[in-house]
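Asks: Quick one: the structure is below, questions incoming.
The values are calculated or read from the model by the stated rules, or taken from the named source; none is laboratory data. Keep in mind that what you see is a predicted model, and the values were worked out from it rather than measured. Here the Cβ positions follow ideal geometry from the backbone for every residue, glycine too, while neighbour counts run over all protein chains shown.
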Ligand code: PNW
């Protein structure tokens, strides 16, 4: 076997989680409701009956969880801050909840005491319910960005002395397409959609694009504020986490499929990365298909986008697919770029090995292509802010079986090699990696069945048991960092 590809000695690595997926304690210490509380309780058929009421009870067990993190050797920890713990009603004129602040103070201090670097995500899908009730949440582009900016400001003021790594939003694509005013598929909270039979409200032809703009401008405000008021004294870094798969043409000989694959990535990533990373308009192919359903940026918007220069591109990567063009005109509710997504190509070759969830196949070679494409297109240093998988059949396993997670171990090895190859062979500047996730947790609308953790969570006793992958990751990084190349900064190449 070839030796693992090297990583630089200062490579940052650790584990990631999100508030609603692990914390529980939803009624404690003044926390307000979020749209996920409402969705889980009002629409249990859409979350497999699960809610985050208890989840992993991390709110009470964070010390134990951080001890695990130390034992696994993680140098950094990415967590998210629950907006409705900090501002229970969410808005810019609503009161701040000191007990909520105190929880994150304790968490951050406990990380620092263990020598672990905190990475805080401001928004991982848990919009305060009150903002949804007041003005429709992210559907109101103007109101939502002002409220988000104030929430960001409180977090910088209260935690920025110790938190030097900020992620504004987690996966705005998923927020716009899957969830919050459920703009397209209605699969996530609170589930609006005009194409989901379980949903009775929403307009999928327009709402995802409106929400997308609200998220882009909210991000921009939060970054511009950091740059103007906090960067000088706090000296931290700020970025965003974008999801997105790599797409190969279904028929590698067919120009139309090649264009479809490129278009799919523009609809997935360019939608956000063009304005956010380049201060440019949406990709042309989106404008062509969506016309004025895609809201325009004003001159003032562009000025703000230019002020919102960020330090890194956070990449959440799980899988890839094939894209096949369609001959028919795009429907009004299409959000993919008028194509078909497939897990097998024309010759019937699967894109990768199946995992424990239908949408995810292990595709490390395409991860390398994705990293390199994103680096060359957007030119920012990359942190992989999520990567991981459930093992096949893991949902049906006992604890004793689940801790033998060979599939996950190989998945991590292969994906770390892809990071190494994109760095050394393609010249991408990739600075860090977070495994998703520190522990099994609430997998949103898939409930508790789908397990992404490196720690097994027994949801009856809440006992945690490290899986093999948790204990091996440290060695995987050490092996790669030992044979390290000097940390150099590569410049993005031209004309990719
Ligand atoms: C991410 N897809 O979401 C989220 O950031 C995490 O909270 C989540 O637990 C993790 O990935 C695993 O799912 C995604 O269908 C959900 O392509 C679904 C998809 C991608 C990302």
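Asks: Being closer than 27 Å to residue 291 by Cα and touching a residue at least 12 places away in the same chain (Cβ under 8 Å) is the filter here; which residues of the range 327-352 pass it?
Replies: Selection gives 330, 332, 333, 334, 335, 336, 337, 338, 339, 340, 341, 342.
Asks: Take the residues in the range 433-447 that are within 10 Å of the ligand (Cβ to nearest atom) and in a loop (DSSP other than H, G, I, E, B); name whichever of them is nearest to residue 318 (Cα to Cα).
Replies: Of all residues in the range 433-447, those within 10 Å of the ligand (Cβ to nearest atom) come to 436-437, 441-446.
When the remaining residues are screened for being in a loop (DSSP other than H, G, I, E, B), the result is 437, 441-443.
Values: 437: 12, 441: 17, 442: 17, 443: 14 Å.
Taking the candidates together, the pick is 437.
Asks: Does the range 314-322 include one or more residues that are surrounded by fewer than 16 Cβ atoms within 10 Å (Cβ to Cβ) and touching a residue at least 24 places away in the same chain (Cβ under 8 Å)?
Replies: Within the range 314-322, the first condition is being surrounded by fewer than 16 Cβ atoms within 10 Å (Cβ to Cβ), and the residues that meet it are none.
Within the range 314-322 (the criterion being surrounded by fewer than 16 Cβ atoms within 10 Å (Cβ to Cβ) and touching a residue at least 24 places away in the same chain (Cβ under 8 Å)), the answer is no, since none of the residues qualifies.
Asks: Looking at 386, 401, which is the one that is surrounded by 22 or more Cβ atoms within 10 Å (Cβ to Cβ) and closer than 21 Å to residue 470 by Cα? Can you show your working first?
Replies: Values: 401 fails: surrounded by 22 or more Cβ atoms within 10 Å (Cβ to Cβ).
It is 386.
Asks: Within the bounds of the range 451-459, is there any residue that is in a loop (DSSP other than H, G, I, E, B), under 24 Å from residue 270 (Cβ atoms) and away from the ligand (no atom under 16 Å from the Cβ)?
Replies: Restricting attention to the range 451-459, the residues satisfying the condition of being in a loop (DSSP other than H, G, I, E, B) are 451-454, 458-459.
Among the residues that remain, those that are also under 24 Å from residue 270 (Cβ atoms) are: none.
The answer is no, given that none of the residues of the range 451-459 is in a loop (DSSP other than H, G, I, E, B), under 24 Å from residue 270 (Cβ atoms) and away from the ligand (no atom under 16 Å from the Cβ).
Asks: Residue check: is residue 417 closer than 30 Å to residue 198 by Cα and either surrounded by fewer than 24 Cβ atoms within 10 Å (Cβ to Cβ) or within 23 Å of the chain's Cα centre (by Cα) (or both)?
Replies: On the way: closer than 30 Å to residue 198 by Cα: no; either surrounded by fewer than 24 Cβ atoms within 10 Å (Cβ to Cβ) or within 23 Å of the chain's Cα centre (by Cα) (or both): yes.
No; evaluated as a whole, the condition is false for this residue.
Asks: Let me ask you something else. Given 162, 92, 85, 150, which one is assigned to a loop (DSSP other than H, G, I, E, B), within 23 Å of the chain's Cα centre (by Cα) and away from the ligand (no atom under 16 Å from the Cβ)? Spell out the reasoning first.
Replies: Working: 92 fails: within 23 Å of the chain's Cα centre (by Cα); 85 fails: assigned to a loop (DSSP other than H, G, I, E, B); 150 fails: assigned to a loop (DSSP other than H, G, I, E, B).
After applying the criteria, what remains is 162.
Asks: Since residue 177 meets every condition but one in (1) closer than 21 Å to residue 305 by Cα; (2) assigned to a helix (DSSP H, G or I); (3) within 16 Å of the ligand (Cβ to nearest atom), which condition does it not meet?
Replies: Just one mismatch for residue 177, condition (1).
Asks: Regarding residue 123, is this residue surrounded by fewer than 23 Cβ atoms within 10 Å (Cβ to Cβ), closer than 24 Å to residue 178 by Cα and at pLDDT 95 or above? So that I can check it myself, show each step before the final result.
Replies: On the way: surrounded by fewer than 23 Cβ atoms within 10 Å (Cβ to Cβ): no; closer than 24 Å to residue 178 by Cα: yes; at pLDDT 95 or above: yes.
Considered against the rule, which asks whether it is surrounded by fewer than 23 Cβ atoms within 10 Å (Cβ to Cβ), closer than 24 Å to residue 178 by Cα and at pLDDT 95 or above, residue 123 comes out as no.
Asks: Condition (residue is within 16 Å of the ligand (Cβ to nearest atom) and without any contact (Cβ under 8 Å) to a residue 40 or more places away in the chain) applied to the range 399-409: is it met by at least one residue?
Replies: Within the range 399-409, none of the residues are within 16 Å of the ligand (Cβ to nearest atom) and without any contact (Cβ under 8 Å) to a residue 40 or more places away in the chain.
Asks: Further question: Residues being within 22 Å of residue 383 (Cα to Cα) and outside any strand (DSSP E or B): count how many of those fall in the range 232-254. So that I can check it myself, show each step before the final result.
Replies: Filtering the range 232-254 for residues within 22 Å of residue 383 (Cα to Cα) gives 234-247.
Still in the list and also outside any strand (DSSP E or B): 234-236, 244-245.
Within the range 232-254, residues that are within 22 Å of residue 383 (Cα to Cα) and outside any strand (DSSP E or B) number 5.
Asks: While we're looking at this one, here's another question. Could you pull out the residue among 17, 47 that is within 23 Å of residue 90 (Cβ to Cβ), modelled with pLDDT under 95 and surrounded by 24 or more Cβ atoms within 10 Å (Cβ to Cβ)?
Replies: Details: 17 fails: modelled with pLDDT under 95.
Within the list 17, 47, the selection yields 47.
Asks: Kindly indicate whether residue 138 is touching a residue at least 24 places away in the same chain (Cβ under 8 Å) and within 15 Å of the chain's Cα centre (by Cα). Before the answer, list the steps.
Replies: On the way: touching a residue at least 24 places away in the same chain (Cβ under 8 Å): yes; within 15 Å of the chain's Cα centre (by Cα): no.
In short, no.
Asks: Name the single residue that is surrounded by the most Cβ atoms within 10 Å (Cβ to Cβ) among those in the range 445-476 being under 20 Å from residue 53 (Cβ atoms) and over 21 Å from the mean Cα position of the chain (by Cα).
Replies: 457
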